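Report on the structure given below.
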Amino acid sequence: MTRLRTLLFLVCVPGCQQAPRHATAVTPDPESQRLTAALHVAKTQTDMNLASKKISEFWDAKLASVEKRVEQKLDNEEQKRFSESKERWRNYRMQEVQFRSDFFTGGSIQPLIANESYSQITEHRVAESESILVEALGGRP
């Protein structure tokens, strides 16, 4: 169990700081860079947990913005399917974050793992949604 925790930590935390590899890269945002820098200089576990929470909130806001732009390009039927897709994706994200963070239950690092996982998954969705916006819906008014 300890090896699995270590492996998840080594894969999750550094990976959360990288842009998704297969989707269109998200343009570096000054606010994202500022928040990430604050996480890197955090000295206590509490400070890291709080800084990582702010990053997850940033990615949530970014996702909401991109989703709104996608929805504006969809017809009624597509909006319905997109809404269903968003709900299924949010359920997946919740379950995946829970799975990853459960390995650290009771530890002071658990919120950091949960926040970093949440951010990583959400950043990936932002990149995918931006890709859809440009590649699939780019020609729509």
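The values are calculated or read from the model by the stated rules, or taken from the named source; none is laboratory data. Everything quoted here is computed from the prediction, not taken from an experiment. Note: ideal-geometry Cβ built from the backbone for every residue, glycine included; neighbour counts use all protein chains shown.
Only residues that are surrounded by fewer than 17 Cβ atoms within 10 Å (Cβ to Cβ) and in a helix (DSSP H, G or I): list them for the range 66-81, please. If the condition is that a residue be surrounded by fewer than 17 Cβ atoms within 10 Å (Cβ to Cβ) and in a helix (DSSP H, G or I), then Lys68, Arg69, Glu71, Gln72, Asn76, Glu77, Glu78, Gln79, Lys80, Arg81 are the ones that fit.
Might you let me know whether the range 59-68 holds any residue that is at pLDDT below 95, among the β-branched types (Val, Ile, Thr) and under 22 Å from Val134 (Cα atoms)? Among the residues of the range 59-68, not one is at pLDDT below 95, among the β-branched types (Val, Ile, Thr) and under 22 Å from Val134 (Cα atoms), which makes the answer no.
Taking Glu96, is it modelled with pLDDT of 95 or more and either in contact with a Gly (Cβ under 8 Å, 6 or more places away or on another chain) or closer than 22 Å to Leu133 by Cα (or both)? So Glu96 fails the test. Set side by side, the residues Gln79, Gln45 differ, and just one is touching a residue at least 12 places away in the same chain (Cβ under 8 Å) and not charged (D, E, K, R), which is Gln45.
Being within 20 Å of Ser129 (Cβ to Cβ), at pLDDT 90 or above, surrounded by 10 or more Cβ atoms within 10 Å (Cβ to Cβ) and more than 12 Å from the chain's Cα centre (by Cα) is a property that Asn91 has. Among the criteria (1) under 17 Å from Leu39 (Cβ atoms); (2) crowded, with 17+ Cβ neighbours inside 10 Å, the one Arg100 does not fulfil is (1).
From Glu84, Glu130, Glu116, which residue is modelled with pLDDT of 95 or more and within 18 Å of the chain's Cα centre (by Cα)?
Glu116
Residue-wise test of (1) touching a strand residue (DSSP E or B) at 6+ places or on another chain (Cβ under 9 Å); (2) part of a helix (DSSP H, G or I); (3) not small (Gly, Ala, Ser).
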| site | (1), (2), (3) |
| --- | --- |
| Ser56 | no, yes, no |
| Ala64 | no, yes, no |
| Arg90 | no, yes, yes |
| Phe99 | no, yes, yes |
| Gly106 | no, no, no |
| Glu128 | no, yes, yes |
| Ser131 | no, yes, no |
| Val134 | no, yes, yes |
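Each residue in the range 104-128 was checked for being over 13 Å from Asp60 (Cα atoms) and buried (at least 24 other Cβ atoms within 10 Å of the Cβ), and 2 of them qualify.
Residues being within 22 Å of Ser101 (Cβ to Cβ) and assigned to a loop (DSSP other than H, G, I, E, B): count how many of those fall in the range 26-42. Number of matching residues: 1. Among the residues of the range 19-39, those that are at pLDDT below 50 and of a type in the set (Gly, Ala, Ser) comprise Ala19, Ala23.
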